[in-house]
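One structure is given here, and the rest of the page talks about it.
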Amino acid sequence: MSAKLVMTFAGSDGNVTMSYGYAKESATTNQVKSLMNGLITNGSIFANPPVAMKSAKIVITSTDEFDLSD
């Protein structure tokens, strides 16, 4: 199983979506808000800087492998 954090912001030129793999499934709302606020504060490093938080979610993906040896 793998977890990905997907965050959506209002940007200066439309919505901005950022996703980060290897997220902690147990991340709290406060931790995610802190990260998002940090990205807004340091937004000058982005071409379309995030200016306001819109949404965030953890996406969990599971993988089942098939035995094809027969």
Completion exercise
Checked 53, 18 against criteria (in a strand (DSSP E or B), without any contact (Cβ under 8 Å) to a residue 40 or more places away in the chain and either among the aliphatic types (A, V, I, L, M) or in contact with a strand residue (DSSP E or B) (Cβ under 7 Å, 6 or more places away or on another chain) (or both)); the one match is 18
Completion exercise
Expected output for region 21-38 (first residue within 13 Å of residue 3 (Cβ to Cβ), partner open to solvent by less than 90 Å² (accessible area, probe 1.4 Å) and assigned to a helix (DSSP H, G or I), Cβ below 9 Å, 6+ apart or cross-chain) is 27/35
Exercise for the section: Please go through region 56-70 and pick out each residue that is surrounded by 11 or more Cβ atoms within 10 Å (Cβ to Cβ) and without any contact (Cβ under 8 Å) to a residue 40 or more places away in the chain. Expected result: none
Exercise for the section: Say whether the condition of being at pLDDT 95 or above, surrounded by 11 or more Cβ atoms within 10 Å (Cβ to Cβ) and hydrophobic (A, V, I, L, M, F, W, C) is met by at least one residue in region 41-49. Expected result: no
Fill in the blank from the handout: Within region 2-29, the residues that are under 19 Å from residue 47 (Cα atoms) and surrounded by 12 or more Cβ atoms within 10 Å (Cβ to Cβ) are 6, 7, 8, 9, 10, 11, 12, 15, 16, 17, 18, 19
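The values are calculated or read from the model by the stated rules, or taken from the named source; none is laboratory data. These figures come from a predicted structure and were not determined experimentally. Every residue, glycine among them, receives a Cβ derived from its backbone with ideal geometry; neighbour counts consider all protein chains shown. Side chains are part of the model used for accessible areas, which takes the heavy atoms of the whole protein and leaves out ligands, DNA and RNA. Shrake-Rupley method; radii C 1.70, N 1.55, O 1.52, S 1.80 Å.
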